[in-house]
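Okay, structure first, notes after.
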Amino acid sequence: MDDDYKIFPRGKIFIEGSEIKKIGDFDLLPEDHYDEVFDADGLIILPGLVNTHVHTSQQLGRGLGDDVPLLTWLIDRIWPYESNLNEHSSFISTLLCCLEMVKSGVTTFAEAGGQYVDGMGRGVKQAGIKGILAQSVMDIGEGLPSGWSKPVEALIEDQTEIFNNWHNKAGERIKVWFGLRTIFNNSQELILRTKQTADDLGVGVHMHVAEIPEENQKSIERNGLSTVRFLKTLGVLDSNFLAIHCVWMDEEEIEIFAEKGVKVSHNPASALRVLGSPKIPEMMEKDIVVGLGTDGAPTNNRMNIVDEMWLTSLIHKGRLRNPTAMPAEDVLKMATINGAKALNWENEIGSLVEGKKADIIFIDPDSPNMLPVHDIIANLVTAMNSENIKHMICDGSWVMKDREVLTIDEENLYKEVKEVAGFIREKIGYHSPDRFKKFKG
Ligand SMILES: [Zn+2]
């Protein structure tokens, strides 16, 4: 995934430690010169995929939020679920989320923010992939679960402590960013202090932006301006600002993003479900960097970036009635190098280049859904299933071989998932058909 879409039909990659030392069609030294020689004959090698928007602690809430409007989803479904999590369930949730991501080729992801970052951090550390973590912070808004809304200073202090505990930990696989949930639940003061602290610490800010029309209405009511225009007047829109969804934006607001170098995370499945269809090709035409994301399990319900590539390639063609919109090479870039740029991590990940981290996936096209391979890039975007992804290396270490994830005991995890999810279901009263109806409102 370099700028020229260079393809080596008979390539080799030499890895030393966590880095790619050499790539291309070079001669191998005698076998005993290497610790391991892996024959990837017939496989397609790509940089590990990047998922720019994930809610690791929502993984155990899969299926709780189907077929309802966004605000019902948030207030009646997700907040009760999230307020019944703890450190341990967040760990189990994160581990399951990482397992699903590894199996769909993701070596790096960005978390939008959960309550128990220690549990999330332990999960990522064990899974062996890279993650940008964040805490979910809110200081205003109606109906927030008790204890969630805190004064600005306390929220900044909490996050700074998390930063000190987790940033650059696990061999620098873990980073910590600052999270803002949405304009519904974040005050002007919190937004300003968050951006200032993120700048001081040299990291980014992750925020859901312009998700539904009601969000812009609320912002106009409270601040006199739509979300994007208001964020602009606060001076927080910048190249370390990652805006999620960005569905309800007009041309002028897209222009503002382009001018300020704001990065965008496109989550097509979750957008189609409750939000609408964002103007992604229009943003890319203005050189806005756009990465792909799955969003959380109860919004999608699949945490599979391969499916998001396929969806991205389709929905904009449909919306614009233009079969040339969103070509496969653009989509592949979104899932790799542009995802890395969206996370300001492109100096180390997102493409297979000498000096970058060895984050690599091995794709086996020998399957009914991928053969024949006339056009490799088209097949990767529109024909590949996650099952085609056979092996994964992250930071030079094996994470998955022949679809077996080496860092996680799957059977044991499934047992724990059922146990913990059952406990949460009990707590929120989602356990009998009657209650189910009531829960559905
Ligand atoms: Zn989200």
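Data overview
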| item | result |
| --- | --- |
| Qualifying GluC sites (Glu not before Pro) for the range 5-105 [loop in DSSP, other Cβ within 10 Å: at most 12] | 36 |
| Quarter of the Cα convex hull surface for the chain, i.e. its orientation-mean projected area (nm²) | 21.2 |
| Excluding exposed DSSP-loop trypsin sites (Lys or Arg not before Pro) (at most 10 other C-beta within 10 Å), longest clean stretch of the chain | 11-320 |
| Mean residue ellipticity (222 nm) of the chain, computed from DSSP H runs ≥ 4 via -39,500 (n - 2.57), nearest 500 | -11000 deg cm²/dmol |
| Relative contact order (percent, whole number), the range 47-342, Cα cutoff 8 Å, 6+ residue spacing | 20 |
| Distance between modelled label sites at residue 31 and residue 413, nm, 7 Å Cα→Cβ extension | 3.3 |
| Distant-in-sequence amide H partners of residue 130 (H built 1.01 Å from N, under 5 Å) | 108, 109 |
| Spacing of the two label points (7 Å from each Cα toward its C-beta) at residue 19 and residue 317, in nm | 4.1 |
| With DNA, RNA and ligands ignored, accessible area of residue 375 (1.4 Å probe; Å², nearest 10) | 80 |
| Gained length - residue 375 relative to residue 187, 0.36 nm times residue gap less alpha-carbon distance | 62.7 nm |
| Accessible-area value, residue 81, 1.4 Å probe, nucleic acids and ligands omitted, Å² | 0 |
| Long-range HN-HN contacts of residue 181 with modeled amide H, under 5 Å | 137 |
| Cα-based equivalent ellipsoid of the range 319-441: semi-axis lengths in Å, sorted from largest, via gyration tensor | 35, 23, 18 |
| Bridge type composition, the range 47-342 - antiparallel percent by DSSP, nearest 5 | 5 |
| Pairwise centroid distance, computed over Cα atoms, of the range 366-412 with the range 57-80, Å | 30 |
| Per-bin percent of Cα-Cα distances, the range 268-371 [10 Å] | 14, 40, 35, 11, 0 |
| Label-zone membership for the range 41-60, site residue 402, 7 angstrom Cα→C-beta point, backbone N under 16 Å | 41 |
| Space enclosed by the convex hull of the alpha-carbon atoms of the range 142-184, per residue, Å³ | 91 |
| Of all accessible heavy-atom area on the chain, the percent that carbon and sulfur account for (1.4 Å) | 48 |
| Separation of alpha-carbon centers, the range 1-44 and the range 169-207, rounded to whole Å | 37 |
| Out-of-range pairs (alpha-carbon distance over 32 Å; input 12/415; 21/263; 6/103; 22/279) | 12/415; 22/279 |
| Projected area averaged over orientations for the range 175-234, convex hull of C-alpha atoms, nm² | 3.9 |
| Solution diffusion estimate, µm²/s, Stokes-Einstein, the range 369-427, Kirkwood Rh from C-alpha pairs, 20 °C, viscosity 1.002 mPa s | 148 |
| Computed magnitude of the charge dipole of the chain (debye, nearest 20; Cβ of K, R +1, Cβ of D, E -1) | 1240 |
| Per-residue HN-Hα couplings for the range 80-91 [Karplus 6.51, -1.76, 1.60; θ = phi - 60°; Hz; x = Gly/Pro] | x, 4, 5, 7, 9, 8, 9, 4, 5, 5, 5, 5 |
| Accessible area (Å², per residue) of the chain, counting only protein heavy atoms and a probe of 1.4 Å | 42 |
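The values are calculated or read from the model by the stated rules, or taken from the named source; none is laboratory data. Because the structure is predicted, anything quoted here is derived from the model rather than measured. Ideal geometry is used to build each Cβ from the backbone, glycine not excepted, and the neighbour counts take in all protein chains shown. Surface areas here come from the heavy atoms of the whole protein model, side chains and all, with no ligands, DNA or RNA. Shrake-Rupley method; radii C 1.70, N 1.55, O 1.52, S 1.80 Å.
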